[in-house]
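The values are calculated or read from the model by the stated rules, or taken from the named source; none is laboratory data. If you're wondering where the values come from, they're calculated on a predicted model, not measured in any experiment. Don't worry about glycine lacking a Cβ; one is built from the backbone with ideal geometry, like all the others, and counts go over all protein chains shown. Please note that ligands, DNA and RNA were not included when accessible areas were found on the heavy atoms of the full protein model with its side chains. Shrake-Rupley method; radii C 1.70, N 1.55, O 1.52, S 1.80 Å.
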Amino acid sequence: MSNIKIFLNGLIQENPTFVLFLGMCPTLATTTSAINGLSMGLATMAVLICTNFVISCIKNITPDMVHIPVYIVVIAAFVSILQMLMSAYAPQSINDALGIYIPLIVVNCIILGRAESFACKHTPVESIFDGLGIGLGFALALTLLGAVRELLGAGSIFGIHLLPETFNILMFILPPGAFLTLGYLVAIFNKIKKA
């Protein structure tokens, strides 16, 4: 399988949000705005690429009896590094919005699932492309979901006001709006994918 095919597979065929329905907790909780969705998606993508690479490198020296705990330790190490970097360099508003969801990347089923189903069976380079494709697919899905929710709920995208306040529908910023928006986006994604 070529690296480009591996990359595109994560964007379309195995999109974690619109096809596999993985990582729904951060998907629904952090996408109240486009910037929050983008930030969470990029954070998850960074951890996914790094863990896929390391797990692919150590797959032959990891005993089968302890491979899951080893994967979790590798993921936790990269999440800890990410959290420290975000605390030091990310804007405080993003740190506040993402809050507990950054440490929860450790148990995100997207990352552990890709480690188990792909990284432990492929080369490090292929694993990087898989992490990039799946991570970018997740980041784009979260950004799109956040942008739609922000536009309908607050009349803006990335903080730029596009609609007057009279058109804002508060429900889209609240949890029910996340489910409703996700449902419509999944339907649209599947319709486009079949065309």
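Tell me yes or no: at least one residue of the stretch 57-67 is farther than 19 Å from P16 by Cα, part of a helix (DSSP H, G or I) and β-branched (V, I, T).
Yes, some residue in the stretch 57-67 is farther than 19 Å from P16 by Cα, part of a helix (DSSP H, G or I) and β-branched (V, I, T).
Could you tell me whether the stretch 17-32 includes any residue that is among the polar types (S, T, N, Q), touching a residue at least 60 places away in the same chain (Cβ under 8 Å), open to solvent by 30 Å² or more (accessible area, probe 1.4 Å) and in a loop (DSSP other than H, G, I, E, B)?
yes
Filtering the stretch 152-193 down to residues that are over 24 Å from the mean Cα position of the chain (by Cα) and of a type in the set (V, I, T), which residue is least open to solvent (accessible area, probe 1.4 Å)?
I169
Give the residues of the stretch 63-76 that are open to solvent by 50 Å² or more (accessible area, probe 1.4 Å) and either of a type in the set (S, T, Y) or free of Cβ contacts under 8 Å to residues at least 24 places away in the same chain (or both), sorted by residue number.
Within the stretch 63-76, P63, D64, M65, V66, P69, V73 meet the criteria.
If you take the residues in the stretch 1-10 that are surrounded by fewer than 19 Cβ atoms within 10 Å (Cβ to Cβ) and not polar (S, T, N, Q), which one is farthest from D96 (Cα to Cα)?
Filtering the stretch 1-10 for residues that are surrounded by fewer than 19 Cβ atoms within 10 Å (Cβ to Cβ) and not polar (S, T, N, Q), the one farthest from D96 (Cα to Cα) comes out as M1.
Could you list, in sequence order, the residues of the stretch 34-62 that are surrounded by fewer than 23 Cβ atoms within 10 Å (Cβ to Cβ), over 15 Å from L132 (Cα atoms) and not β-branched (V, I, T)?
Scanning the stretch 34-62 gives C57, K59, N60.
Would you confirm whether any residue within the stretch 117-137 is within 30 Å of M171 (Cβ to Cβ), among the hydrophobic types (A, V, I, L, M, F, W, C) and at pLDDT 95 or above?
Within the stretch 117-137, one or more residues are within 30 Å of M171 (Cβ to Cβ), among the hydrophobic types (A, V, I, L, M, F, W, C) and at pLDDT 95 or above.
Find the helices (runs of 4 or more DSSP H) located wholly in the stretch 90-177 whose residues include 2 or more that are under 29 Å from T62 (Cα atoms), and list them.
109-117, 124-154
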